[in-house]
Amino acid sequence: MVSVETPFRVLCVWCLHSNLETGVLLFYISLSIHNRYGSWGVCFTHGTWYAVRGLVAAGRTFKNCPAIRKACDFLLSKELPSGGWGESYLSCRDKVYTELEGRHPHVVNTSWAMLALIDAGQAERDPAPVHRAAKVLINLQSEDGEFPQQEIIGVFARNCTITYSQYRNIFPMWALGEYRCQVLRTRSPEEHGNAS
């Protein structure tokens, strides 16, 4: 049994050994030990990205890890018709995925979902959702390179919201950079429209 007093190093080892296959990693460990969400971002999209990233870093793939397949299914089920993602802070409070009012995409949620899908190799199976997400981000970027400040994206203790003003620029640029390096780089010249 792990207690709140368990040293962090021991907790991390326990987490990786005990829960790697379930895909919960630190996101759910925080829930069970501290009885609250331990995320700094709006919970389900943020937590899924971190879980996928951790599983991939531990050598898991879509093919050999049911948790990554579940994560992809979850994210794809929450994709908006526009091609983006938009999760409300109410997800943290109510412990159930809640879309933003008006069902519009949020640059940060879209970025987190896109990063998780890229890490999980979605582009190798069906790149369409990743392309749609990239298009949403590109279309939301203003002429000066900034992304819009949208709804609050930071939460702690389930109901205390925080505005991380640079998340709106950091995560979309990160996601678009990964998109260019991991998705577009692997496409053939014909797919780029540069056929000889």
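The values are calculated or read from the model by the stated rules, or taken from the named source; none is laboratory data. Everything quoted here is computed from the prediction, not taken from an experiment. Neighbour counts run over all protein chains shown; Cβ positions are idealised from the backbone, glycine included. Surface areas here come from the heavy atoms of the whole protein model, side chains and all, with no ligands, DNA or RNA. Shrake-Rupley method; radii C 1.70, N 1.55, O 1.52, S 1.80 Å.
Regarding Val130, is this residue closer than 15 Å to His46 by Cα, in contact with a helix residue (DSSP H, G or I) (Cβ under 9 Å, 6 or more places away or on another chain) and among the hydrophobic types (A, V, I, L, M, F, W, C)?
Numbers: closer than 15 Å to His46 by Cα: no; in contact with a helix residue (DSSP H, G or I) (Cβ under 9 Å, 6 or more places away or on another chain): yes; among the hydrophobic types (A, V, I, L, M, F, W, C): yes.
In short, no.
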Look through Arg60, Arg103 and report the one residue that is under 26 Å from Glu146 (Cβ atoms), open to solvent by 60 Å² or more (accessible area, probe 1.4 Å), among the basic types (Lys, Arg) and in a loop (DSSP other than H, G, I, E, B).
Arg103
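For region 107-119, check the following and say yes or no: at least one residue is over 18 Å from Val183 (Cα atoms) and of a type in the set (Gly, Ala, Ser).
Looking for residues that are over 18 Å from Val183 (Cα atoms) and of a type in the set (Gly, Ala, Ser), one finds none in region 107-119, hence no.
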Given the criteria open to solvent by less than 10 Å² (accessible area, probe 1.4 Å) and within 25 Å of Asp73 (Cα to Cα), does Val108 qualify?
yes
Identify the single condition in (1) at pLDDT 95 or above; (2) part of a loop (DSSP other than H, G, I, E, B) that Gln149 does not satisfy, given that it satisfies every other one.
(1)
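Does region 171-185 contain at least one residue that is β-branched (Val, Ile, Thr) and either buried (at least 18 other Cβ atoms within 10 Å of the Cβ) or in contact with an Asp or Glu (Cβ under 9 Å, 6 or more places away or on another chain) (or both)?
Yes, because at least one residue in region 171-185 is β-branched (Val, Ile, Thr) and either buried (at least 18 other Cβ atoms within 10 Å of the Cβ) or in contact with an Asp or Glu (Cβ under 9 Å, 6 or more places away or on another chain) (or both).
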